[in-house]
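Encoded as structure tokens, the structure appears first; notes follow it.
The values are calculated or read from the model by the stated rules, or taken from the named source; none is laboratory data. The shown structure was predicted, so the numbers you read here are calculated from the model rather than taken from an experiment. Note that we place each Cβ from the backbone using ideal geometry, even for glycine, and neighbour counts take in every protein chain shown. Surface areas here come from the heavy atoms of the whole protein model, side chains and all, with no ligands, DNA or RNA. Shrake-Rupley method; radii C 1.70, N 1.55, O 1.52, S 1.80 Å.
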Amino acid sequence: MITKTKAQSKSVGQIEVRDKYTGEVIGRVAQASPEDVRAAIGQAEKTFKDYGQWPAHRRAAVLEKASGLLAKNKEEIAGIIAREAGKAWKYAAIEVDRAVETFKFAAEEAKRIHGETVPLDASGAGEGRLGFYIRTPIGVIAAISPFNFPLNLVAHKVAPALAVGNTVVLKPATTTPLTALKLKEILQEAGLPEGALIVLVGSGSTVGNAMVEDPRPAMVTFTGSPSVGEAITKRAGLKKLIMELGNNGGTIVEPDADWRATASRCVMSAFANSGQVCLSLQRLYVHQEIFKPFTDAFIEATKKLKVGNPVQKDCDVGPMITEEEALRAESWIKEAVSQGAKILTGGKRKGAVLEPTVLIGVTEKMKVMCQEVFAPVVSIVPYSDFDQALKWLGTSDYGLQAGVFTSNISKALKAIQRLNVGGVMINDTSIFRVDHMPYGGNKLSGLGREGVRYAVEEMTNIRMVVIKP
Ligand code: NAP
């Protein structure tokens, strides 16, 4: 597949996209230049003049149709995701189902973008005047997305932006551009005008930087690592920002929870997509009363996972995105072991495939605990006191989501009140998400919220109207 967009007519070469398990070249994509970025932003600005005026029902119809086309093309798209991202097919298929919903939610939100009245006479100076505000589209949005959900995390930027009437220049991850290009095709088939979504492929340091530094986009919406996110905030100048960044997700398991069912949910939460999920379960705090049986059940379930080629429909864990990333994670495991940790299962690597790895005997200062491991590696830590476990869970530079399994309402409420995170999941792990809930992190995990309605709020301006009769 060779794909070249109109805005990439002066592209500077080609990028080979590979199957992450076999290494086979599965696509060649035109590589954009900074000049292409400038042209694309100009084209998106021009399209905004018309698309920004479209009535809600027309925007909703395009998004609704795109949702249906995604569902119709599910097998093909899941196959692209499995190959270019190395994601086990079963999770790639779930990602397509989720994107179908994300676009459906966006079609619905497009019809309810509205303001509210403001009681101006609460101030003496406002007496006799009528006040209300409306929400207006902001213009061109520069969107930069990561490799790990090449469809649904793109959908979370593109769908609400288009619902509102904005236009988008999107840079997907260089390793996984094919899914985003397929989405663009689908949106065009659904009736989106040329120029309302432009996909440019190229490295973060050239294409990404050129998008961020251009003064014309009204917003940069970014999902990726905290270091790149922080660099973007310094370069972007006066623009709105959404930053969806990393995490070292933690979950507590109390003895009053149904720990057998919990163990298998925790295994999925740690190893789905080879642990390359921002909500992955990385730090698992288990009460010492159940530590032994829980850990035995966890290891038994981990050993049953099928590791291998992600296109096989029964595969649970595929390769990591690159061999370098697998090597980096392996070195963190080795460093933890040299500092006293013990591997209960896994730890071996072949190329980009790292076995699901379970560690015990870790300390809070080890990289596998205090940094984002973003690999199939989980550490299980025993505790005796719930308050202490809550403190450990909350002691993190990150603050995306956390989980607590307990049937004790007082403990659940304590967790909800104390944890400085964007979401607390009671009786689930940090991984739970549906696509219409407000989603985003505190601290190093980011700025702003996605989840269609909440992204719509970020992606609109408030225009206040005051009428003096
Ligand atoms: P990444 O290395 O930060 O890359 C993300 C995107 O940023 C890619 O498109 C990348 O381009 C681009 N980029 C790199 N340098 C840039 C620069 N200087 N200026 C502008 N753009 C630049 O992240 P990743 O490895 O793809 O994804 C993993 C990270 O994303 C993890 O930290 C994970 O937790 C986080 N994440 C967060 C969420 C969330 O919702 N909070 C969801 C998923 C992932 P290239 O492809 O060319 O490198």
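Round to a whole angstrom and tell me the spacing of the C-alpha centers of the stretch 351-404 and the stretch 147-211. Between the Cα centre of the stretch 351-404 and that of the stretch 147-211, the gap is 33 Å. Among beta bridges from DSSP that stay inside the chain, the antiparallel ones total about 40%. Taken about its Cα centre, the stretch 259-353 carries a charge dipole of about 200 debye when Lys and Arg each add +1 at the Cβ and Asp and Glu each add -1 at the Cβ. Sorted from largest to smallest, which semi-axis lengths in Å does the alpha carbon gyration tensor of the chain give for its equivalent ellipsoid, taking the root of 5 times each eigenvalue? Semi-axes, largest first: 38, 29, 19 Å.
Each Cα pair under 8 Å and six or more residues apart adds its separation to the average, and for the stretch 250-434 the resulting relative contact order is 29 percent. In terms of distances greater than 21 angstrom between alpha carbons, the cross-link table entries K111/K182; K171/K239; K304/K348; K184/K234; K87/K350; K334/K391 yield K111/K182; K184/K234; K334/K391.
The ratio of the alpha-carbon radius of gyration of the stretch 250-434 to the globular-protein estimate 2.2 N^0.38 Å is 0.96.
The percentage of C-alpha pairs in the stretch 247-295 whose separation is greater than 18 Å is 28%. Taking 0.36 nm per residue of sequence separation and removing the Cα-Cα distance, the M268/Y133 pair yields an extension gain of 44.1 nm. Residues T345, T22, ordered by accessible area of protein heavy atoms at a 1.4 angstrom probe radius and largest first, appear as T22, T345.
Cα extents for the stretch 187-278 along the principal axes, largest to smallest and rounded to whole angstrom: 55, 37, 22. Note on the stretch 252-290 and the stretch 405-469: Cα centroid distance 22 Å, given to the nearest whole angstrom. Report summary: the helix-based calculation at 222 nm, which adds -39500 (n - 2.57) for every DSSP H run with n ≥ 4 and divides by the residues of the chain, gives -12000 deg cm²/dmol. Rounded to the nearest 10 degrees, what's the angle between the helix 259-271 long axis and the longest principal axis of the chain, both from Cα atoms, 0 to 90? So the helix axis and the longest Cα principal axis differ by about 60 degrees. Most simply put, the stretch 87-244 has about 5% antiparallel DSSP beta bridges, counting only bridges with both residues inside it. Neighbours of V118, meaning other residues whose beta-carbon lies under 15 angstrom from its beta-carbon, give a summed charge of +1 when Lys and Arg score +1 and Asp and Glu score -1. In a simple Cβ point-charge model (Lys, Arg +1; Asp, Glu -1; nothing else charged), the stretch 250-434 has a dipole of about 160 debye relative to its Cα centre.
How high is the relative contact order of the chain, given as a whole-number percent (alpha carbon pairs under 8 Å, six or more residues apart)?
18 percent
Solvent-accessible surface (1.4 Å probe) assigned to Y21 amounts to roughly 100 Å². In the context of the full protein assembly, K292 retains an accessible surface of approximately 130 Å², using a probe radius of 1.4 Å and ignoring ligands and nucleic acids. The DSSP beta bridges internal to the stretch 250-434 are antiparallel in roughly 20% of cases.
Rolling a 1.4 Å probe across all protein chains gives I138 an accessible area of roughly 30 Å². Amide hydrogen proximity for I26: with H placed 1.01 Å from N in the peptide plane, the residues at 5 or more positions away or on another chain lying under 5 Å are V17, R18, D19. Calculate how steeply helix 89-110 sits against the longest principal axis of the alpha-carbon atoms of the chain, using the helix alpha-carbon long axis, and give the answer as 0 to 90 degrees to the nearest 10. With rounding to tens, the tilt is 30 degrees. Counting only protein chain heavy atoms and rolling a 1.4 Å probe, the accessible areas of K443, K157 rank, largest first, as K443, K157.
Could you order H287, H57 by accessible surface area, starting with the largest, using a probe radius of 1.4 Å?
Listed by decreasing accessible area, they come as H57, H287.
Think of the chain as a dipole: +1 on every Lys or Arg Cβ, -1 on every Asp or Glu Cβ, centred on the Cα centre; then among L63, V377, P293, L63 lies furthest on the positive end. With all projection directions averaged, the alpha carbon convex hull of the stretch 14-89 covers 7.0 nm².
Placing unit charges on the Cβ atoms only, positive for Lys and Arg and negative for Asp and Glu, gives the chain a dipole magnitude near 600 debye about its Cα centre.
The angle separating the long axis of helix 226-235 from the principal Cα axis of greatest extent in the chain is about 30 degrees.
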